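**Q** Below is one structure. I have some questions about it.
Just so it is clear, none of the values below were taken in a lab; they were calculated from the coordinates. Just so it is clear, the model here is predicted, and its values are computed rather than measured. Virtual Cβ from ideal backbone geometry, glycine too; neighbours counted across all protein chains shown.
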Amino acid sequence: MLRPCRLYRKLRWVYGFFIRFINLICPASLVYYPSNFNGGIIVKRSKKIIVVAHCILNANAKVGPLAMYPGVLRAVMDQFIEDGTGILQLPCPESSYLGINRWGMCREQYDHPNFRRHCRKILTPSLDQIETFVAADYEIIGVIGANGSPNCGVTKTPSGLMGGVISDINTVEAQLKNFCYLDQNGVFFSELKVMLSNRKISIKFMAIDEKNPSSLIIEK
Ligand code: SF4
C-alpha cells in the first residue's frame, strides 16, 4: 500500500499529466503554459511589474483643473496591460498632504523636512512591496513618473521660489517671470530614489510627458 506522501506525489503527477494533455489538445484553454508548472497548478503570472505615479492611473488626483485624460493614461498603460505586466500604483503625495483643492506649487515649496517625512511615510508600504517582488525574482521594468510635477517629475520639475499672497497681482507676475523647469527629480521621486538605494534596489526611472503621452522619457 502507498504511503500518504507517495500517494500525494502520484496523484499530483497524474493531475499534472492530465493538465498537460488538455493543454496539448486545446492550447486555447491555457493562455500561458509556464515553465514553473507545479503539480497541476497553472501559473499564468508574468512576474513583470511596472511602478507608476498615482495619477497615471487616476488623473483625478491632479491639481485642478489639470488633466489631459479623464482617468487612466491609456496611451502609456495599454502596452503594459496587453503585455501582461502587473501595475504597482504609488500613492499621491500632494493629494494625501494638501487635498484635492490644493494650489499648483513649485519644487522649492514642497521641499520641506515635514513634507519629505510625509513622502517617506507613504512610500514605505510600496517600497516593502517592491522589495518583496525583487527578492522573489520578479522583474521591475521601471518606475514611471510625471514630468512637469514638482513631486513626480523625473527629468522636468517646475521651479521658481516665490510664495506670498495670490491676491497681489505683482506677486503673480514676479512668480511667472521666476518660473522654469529643472532637469532633476521632484521631491517625492528624489525620496523614492534614496529609499530604493537604501534597500539596494536599482530600477530604471522613466517619465510621461502629457503633451506627448505615447512616448516615455527615460532618465539617463
Ligand atoms: S503628486 Fe505625483 S501622483 Fe500626485 S498628482 Fe502630482 S504627479 Fe500625480
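**Q** Quick check on packing: order 139-145, 64-70 by the mean number of other C-beta atoms within 10 Å, highest mean leading.
**A** Going by the mean number of other Cβ atoms within 10 Å, highest first, we get 139-145, 64-70.
**Q** Related question: Starting with the highest mean, order 169-178, 117-126, 147-156, 84-93 by the number of other Cβ atoms within 10 Å, averaged over the residues of each peptide.
**A** 147-156, 84-93, 117-126, 169-178
**Q** Quick one: Karplus J couplings for the range 70-77, per residue in order, coefficients 6.51, -1.76, 1.60, θ = phi - 60°, nearest Hz, x for Gly and Pro?
**A** x, x, 9, 7, 5, 4, 9, 7
**Q** Net charge within 13 Å of Gly84 by Cβ-Cβ distance, Lys/Arg positive one each and Asp/Glu negative one each, not counting Gly84 itself?
**A** Here the charged neighbours net out to 0.
**Q** Hey, another quick one. How about the range 101-206: which chymotrypsin sites (Phe, Trp or Tyr not before Pro) there lie in a loop by DSSP and see at most 11 other Cβ atoms within 10 Å?
**A** Trp103
**Q** Here's something else I'd like to know. Counting helices only, and only those DSSP H runs with n ≥ 4, report the 222 nm mean residue ellipticity of the chain as the sum of -39,500 (n - 2.57) divided by its residues, in deg cm²/dmol to the nearest 500.
**A** Calculated at 222 nm, the ellipticity per residue is -12500 deg cm²/dmol.
**Q** If you don't mind, there's one more thing I want to ask. Between helix 4-25 and the chain, what is the angle of the helix's C-alpha long axis to the longest principal axis, kept within 0 to 90° and rounded to the nearest 10?
**A** 70
**Q** Using only Cα atoms, tell me the angle between helix 113-135 and the longest principal axis of the chain; keep it within 0 to 90° and round to the nearest 10.
**A** Roughly 20 degrees, rounded to the nearest 10.
**Q** Of Lys156/Lys211; Lys48/Lys204; Lys44/Lys204; Lys156/Lys220, which pairs sit farther than 21 Å apart, going by alpha carbon to alpha carbon?
**A** Checking Cα-Cα distances, Lys44/Lys204 exceed 21 Å.
**Q** Output ³J(HN,Hα) for the range 90-99: one whole-Hz value per residue in order, computed from phi by the Karplus curve 6.51 cos²θ - 1.76 cosθ + 1.60 with θ = phi - 60°, and x for Gly and Pro.
**A** Along the range 90-99, the couplings run 6, x, 9, x, 6, 5, 7, 9, 10, x Hz.
**Q** Here's something else I'd like to know. Per-residue HN-Hα couplings for the range 177-194, Karplus 6.51 cos²θ - 1.76 cosθ + 1.60 at θ = phi - 60°, whole Hz, x for Gly and Pro?
**A** 5, 7, 6, 7, 10, 9, 8, 7, 6, x, 4, 4, 6, 5, 5, 4, 5, 5
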